[in-house]
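Visitor: Sharing a structure here in C-alpha cells format.
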Amino acid sequence: MAAERDVAVTILGAGPVGATLACLLAEAGVPAAVVDRAPLPPMELPAFDGRAYAIARTSRDVLADAGVWARLGALPCPIRRIHVTDGRLGQKPSRLDLTFDTTDVGVDAFGWMVEARHLRIALNAQLPSLPGLWVAAPAHVTAVEREAERATVRLADGTIIRSRLVVAAEGRESATREAAGIAVTRWDYGQDAIVAAVRHEQPHGHVAVEHFLPAGPFAILPLPGEDDDGRTSAIVWTERRAEAARIWSLDPSGFARELARRFGDRFGAVTPVGMRWRYPLGALLAHRYTATRLALVGDAAHGIHPIAGQGLNLGFRDVGELGARIASAFHAGRDVGGAEVLAGYQRARRPANLMMLAATDALDRLFSTDVAPVRLLRDLGIAAVDRLPPLKRVFMRTAMGLSPLGALKVA
Ligand SMILES: Cc1cc2nc3c(=O)[nH]c(=O)nc-3n(C[C@H](O)[C@H](O)[C@H](O)COP(=O)(O)OP(=O)(O)OC[C@H]3O[C@@H](n4cnc5c(N)ncnc54)[C@H](O)[C@@H]3O)c2cc1C
C-alpha cells in the first residue's frame with residue numbers, strides 16, 4: 001500500500017550485506033528501511049544445496065552485533081586448520097606445503113563455514129523482528145533522488161521513502177552506483193568457479209584445504225552437513241572457462257570422476273551431493289565509495305577472486321564500519337549522510353579492500369600457472385613462510401579478518 005516514510009537510512013538490496021546493515025542499524029536504534037527487488041523467503045532454498053561462505057572472525061563479530069549470529073546457533077562449522085598445497089593434476093601434492101593451526105595463535109577457530117541457506121534463514125528471521133526497521137521485498141525502485149540535504153527513494157507502488165542517506169547494497173551490477181556516475185574498473189579472470197558439496201569417507205577434522213592446481217585453486221571447506229558427522233565439505237573449484245563448462249555439463253559419474261582426481265585421497269573416497277553451481281570469476285573496483293547522500297557497500301563497491309574466500313567478509317567489514325559511523329552520528333544528533341560520515345567510511349574501507357583485491361589477484365596469478373621457474377619460486381615461498389613464524393602469523397591474522405600487522409592478541 002502506498003505510504004510516505006521518514007527514516008534515517010534507506011538500504012537498497014537485502015542480500016547478505018544489505019540485510020546485515022539493516023539489522024545492525026535497527027539493533028543500534030537507527031530508523032531504517034531496506035528494499036529488495038526479489039522476495040526474501042525463496043532465497044532460503046530449504047534443501048541443502050552445497051553453497052556456503054567462509055565467515056572470518058571479524059565478520060562473526062559484525063553478525064553478532066546485528067543479532068544474526070545468535071540465530072545461527074550451532075550451525076557454523078569452525079575451521080581449525082588451514083592446509084595449503086601446491087600440485088599438478090594426477091600427481092601427489094608438492095611436499096612443500098603449509099599448515100596453519102589455531103593452536104599456533106591460541107584461538108578456537110580461524111573462521112566458520114556457514115551454509116548460504118542458513119545465513120539467509122537467520123537474516124529473514126531477524127529482519128522482521130526489529131522495531132524501527134521497515135522491509136519492502138519484493139519492491140521495485142523507480143527513482144532515487146539525492147539532494148544536498150536529503151534523499152528520496154520512490155517505489156513502483158507509490159511509496160516514498162525519505163532519508164538522510166541511501167546505501168547501495170545491490171551487488172556487482174548496482175543500478176544506483178551507475179546512476180550516480182561512479183565509474184568502475186573490471187577485469188575477467190577467464191576462469192569459472194564450480195561450487196558443490198561432497199561426502200567423504202573420513203571426517204574432515206575441521207580442516208580447510210587450498211590445493212593449488214595449474215588451472216586454478218581447488219578449495220575444500222568443512223561443513224557440518226545434514227548428518228552432522230563431519231563427513232561433508234564444500235568445494236570451490238576454479239578452472240579455465242572452457243574446461244569448467246565441459247566439466248559442469250558432464251553426467252553425474254563423469255563429474256564425480258573429475259572431482260575425485262582433484263580432491264585426492266586425503267579424506268578417503270568422495271561423492272558429490274546436492275546441486276552444482278558455476279560462476280564466472282572477475283574483479284570489480286568502484287572508483288569512489290560515496291557520492292552526495294550515497295554510500296556503496298559489499299559487491300556494489302568491490303568484487304574479488306574467491307581464492308581466499310574473502311568477498312563477503314569485505315562486505316561485512318564495510319557495513320561494520322559504516323554502521324558504527326552512522327549510529328554514532330545519529331545518537332550525537334549529527335547528519336548520518338553528511339560529508340564527515342561518508343569521507344570517514346571511504347577512508348577506512350577503500351584502501352583496505354583495494355589491498356585484498358590486489359593480494360587475491362596476485363595469488364591467483366602466482367598459482368594459476370604451470371611455468372617451471374614460477375612453480376619453483378612459489379614452492380620456495382611456501383617453504384619460507386613455513387619457516388618464518390612472524391610471516392606465518394601475518395597470514396593467519398589475514399585469514400581471521402584481523403589487521404595483518406597487529407599484536408597477536410585475539411580473544
Ligand atoms: C564462487 C564464489 C564463491 C564465494 N565464496 C565466498 C566465501 O567463501 N566467503 C566470502 O566471504 N565470499 C564468497 N563469495 C563472494 C560472495 O558471494 C559475495 O561477496 C556476496 O554475495 C556479496 O553480497 P552482497 O549482499 O553485497 O550482494 P548480492 O549477494 O549480490 O546481493 C544483492 C541484493 O541486491 C538486490 N538488488 C539488486 N539490484 C537491486 C535494485 N535495483 N533494487 C533493489 N534490490 C536490488 C538483489 O536482489 C540481491 O538480493 C564467493 C563468490 C563466488 C562467485
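Visitor: Only one residue in Asp299, Asp318, Asp265 is over 15 Å from the mean Cα position of the chain (by Cα) and of a type in the set (Asp, Glu), so which one is that?
Guide: Numbers: Asp299 fails: over 15 Å from the mean Cα position of the chain (by Cα); Asp318 fails: over 15 Å from the mean Cα position of the chain (by Cα).
After ruling out the rest, the residue left standing is Asp265.
Visitor: Working only within segment 287-315, note down all residues that are within 17 Å of Val184 (Cα to Cα), surrounded by fewer than 23 Cβ atoms within 10 Å (Cβ to Cβ) and of a type in the set (A, V, I, L, M).
Guide: Ala291
Listed here are the residues, each with its yes/no results for (1) touching a residue at least 12 places away in the same chain (Cβ under 8 Å); (2) of a type outside the set (Asp, Glu); (3) within 20 Å of Val198 (Cα to Cα).
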site	(1), (2), (3)
Val236	yes, yes, yes
Ala245	yes, yes, yes
Ala260	no, yes, yes
Val273	yes, yes, yes
Arg278	yes, yes, yes
Ala283	yes, yes, no
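Visitor: More than 17 Å from the chain's Cα centre (by Cα), modelled with pLDDT of 95 or more and within 14 Å of the ligand (Cβ to nearest atom): is that true of Leu294 in this structure?
Guide: Numbers: more than 17 Å from the chain's Cα centre (by Cα): yes; modelled with pLDDT of 95 or more: yes; within 14 Å of the ligand (Cβ to nearest atom): yes.
Yes, satisfied.
Visitor: Same structure, new question: Taking the stated definitions as given, is Leu312 of a type in the set (A, V, I, L, M) and within 23 Å of Arg162 (Cβ to Cβ)?
Guide: Details: of a type in the set (A, V, I, L, M): yes; within 23 Å of Arg162 (Cβ to Cβ): no.
When the stated conditions are applied, Leu312 does not pass them.
Visitor: Considering each of Pro16, Pro42, Pro78, Pro31 in turn, give the residue that is closer than 23 Å to Asp157 by Cβ and modelled with pLDDT of 90 or more. Don't jump to the end; show me each part of the working.
Guide: Values: Pro16 fails: closer than 23 Å to Asp157 by Cβ; Pro42 fails: modelled with pLDDT of 90 or more; Pro78 fails: closer than 23 Å to Asp157 by Cβ.
One residue alone meets the criteria, Pro31.
Visitor: What do you reckon, is Ala74 more than 8 Å from the ligand (Cβ to nearest atom), of a type in the set (Gly, Ala, Ser) and either in a helix (DSSP H, G or I) or in contact with a Phe, Trp or Tyr (Cβ under 8 Å, 6 or more places away or on another chain) (or both)?
Guide: Values: more than 8 Å from the ligand (Cβ to nearest atom): yes; of a type in the set (Gly, Ala, Ser): yes; either in a helix (DSSP H, G or I) or in contact with a Phe, Trp or Tyr (Cβ under 8 Å, 6 or more places away or on another chain) (or both): no.
No, not satisfied.
Visitor: Given Gly337, Gly323, which one is over 30 Å from Thr238 (Cβ atoms) and more than 16 Å from the ligand (Cβ to nearest atom)? Don't jump to the end; show me each part of the working.
Guide: Values: Gly323 fails: more than 16 Å from the ligand (Cβ to nearest atom).
Unique residue meeting the criteria: Gly337.
Visitor: Among the residues of segment 136-153, write down those that are within 12 Å of the ligand (Cβ to nearest atom) and surrounded by 15 or more Cβ atoms within 10 Å (Cβ to Cβ).
Guide: Across segment 136-153, the qualifying residues are Ala136, Ala137, Ala139, Val141, Val144, Val153.
Visitor: Among Val107, Val114, which is away from the ligand (no atom under 15 Å from the Cβ) and within 25 Å of Ala52 (Cβ to Cβ)?
Guide: Result of the check over Val107, Val114: Val107.
Visitor: Would a scan of segment 246-253 turn up a residue that is within 26 Å of the chain's Cα centre (by Cα) and basic (Lys, Arg)? Spell out the reasoning first.
Guide: Step one: list which residues in segment 246-253 are within 26 Å of the chain's Cα centre (by Cα), which gives 247-248.
Applying the additional criterion that residues be basic (Lys, Arg) yields none.
No: zero hits.
Visitor: Right, something else. For Arg276, indicate whether it is buried (at least 19 other Cβ atoms within 10 Å of the Cβ), of a type in the set (D, E, K, R), more than 29 Å from Ala343 (Cβ to Cβ) and within 13 Å of the ligand (Cβ to nearest atom). Steps first, please.
Guide: Working: buried (at least 19 other Cβ atoms within 10 Å of the Cβ): yes; of a type in the set (D, E, K, R): yes; more than 29 Å from Ala343 (Cβ to Cβ): yes; within 13 Å of the ligand (Cβ to nearest atom): yes.
Judged against the criteria, Arg276 is a match.
Visitor: A further question on this structure: I'd like the full set of residues that are within 15 Å of the ligand (Cβ to nearest atom) and modelled with pLDDT of 95 or more, limited to segment 56-68.
Guide: Ser59, Arg60, Asp61, Val62, Leu63, Ala66, Val68, listed by residue number.
Visitor: List pairs: first in segment 160-183 and closer than 16 Å to Val35 by Cβ and of a type outside the set (Gly, Ala, Ser), second assigned to a loop (DSSP other than H, G, I, E, B) and within 10 Å of the ligand (Cβ to nearest atom), Cβ under 6 Å, 6+ apart or cross-chain?
Guide: Here the result reads Val167/Val297; Glu170/Gly13, each pair linking segment 160-183 to a residue that is assigned to a loop (DSSP other than H, G, I, E, B) and within 10 Å of the ligand (Cβ to nearest atom).
Visitor: Name the strands (runs of 3 or more DSSP E) wholly inside segment 167-269 in which the number of residues that are acidic (Asp, Glu), surrounded by fewer than 18 Cβ atoms within 10 Å (Cβ to Cβ) and within 16 Å of the ligand (Cβ to nearest atom) is 1 or more. So that I can check it myself, show each step before the final result.
Guide: Details: elements: 184-200, 207-213, 216-223, 232-240.
Counting at least 1 such residues, we get 184-200.
The values are calculated or read from the model by the stated rules, or taken from the named source; none is laboratory data. In this text, all values refer to a predicted model and were calculated from it rather than measured experimentally. Ideal geometry is used to build each Cβ from the backbone, glycine not excepted, and the neighbour counts take in all protein chains shown.
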